[in-house]
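K.L.:
Take a look at the following structure, please.
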Amino acid sequence: MSRLKQTSGEDYPEASKKHCIDARVLLDNDRFGGAAYLAGYVSECICKTLIQVEEKHSDPIKTHHLDDLSSMAITLMALPNSKTARYFKNLQITGIPYDKNNSLIGWNECLRYFPEDTIKPDKANAWVQDAERLYIEVIGGLMKDGEV
């Protein structure tokens, strides 16, 4: 349990850890659809963690839209009193694109409803690697600094 666990029970840093571990296990066992799906949730949970740290959010953040969450986090990181900007080597939070039209070109929370072979190995691998990088940079940094 992190210091950011909400009264609703939601804990974005802990969820990102759980999903990151599970995504790697699935990828290593050639379960590409599940790995890619969870990699997107890692990125979502990390963006929500950043927003929560910056805004002292106590309510769950309801959107799954990675582009919107990324934009919100980047905007907050750019503020002069930002607590989270130092955790990024570049301003791209996640390399996983959000697919608002569910056309299977990017991640979408509805990906869980598609057959296992929908996501190809190279895409799953790239998404899991990006999720792991993001987890280490952001959650690792926040943990080191006592923010989560």
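K.L.:
What percent do you get for the relative contact order of segment 90-148 when only Cα pairs under 8 Å and 6+ apart count?
P.N.:
28
K.L.:
Could you work out how far helix 66-77 tilts from the main Cα principal axis of the chain, as a 0 to 90 degree angle to the nearest 10?
P.N.:
20
K.L.:
Right, another one. Rounded, prolate or oblate: which fits the chain when a ≥ b ≥ c are the square roots of the eigenvalues of the alpha-carbon gyration tensor, with rounded for a/c under 1.5 and prolate only if a/b beats b/c?
P.N.:
Verdict is prolate for the chain.
K.L.:
Follow-up question, since we're still on this one. So how tilted is helix 12-28 from the main axis of the chain? Cα-based, degrees 0 to 90, rounded to 10.
P.N.:
Here the helix axis deviates by roughly 30 degrees.
Throughout, read-outs are computed from the coordinates displayed, never taken from laboratory work. On a predicted model such as this, the values are computed, not experimentally measured, just so you know.
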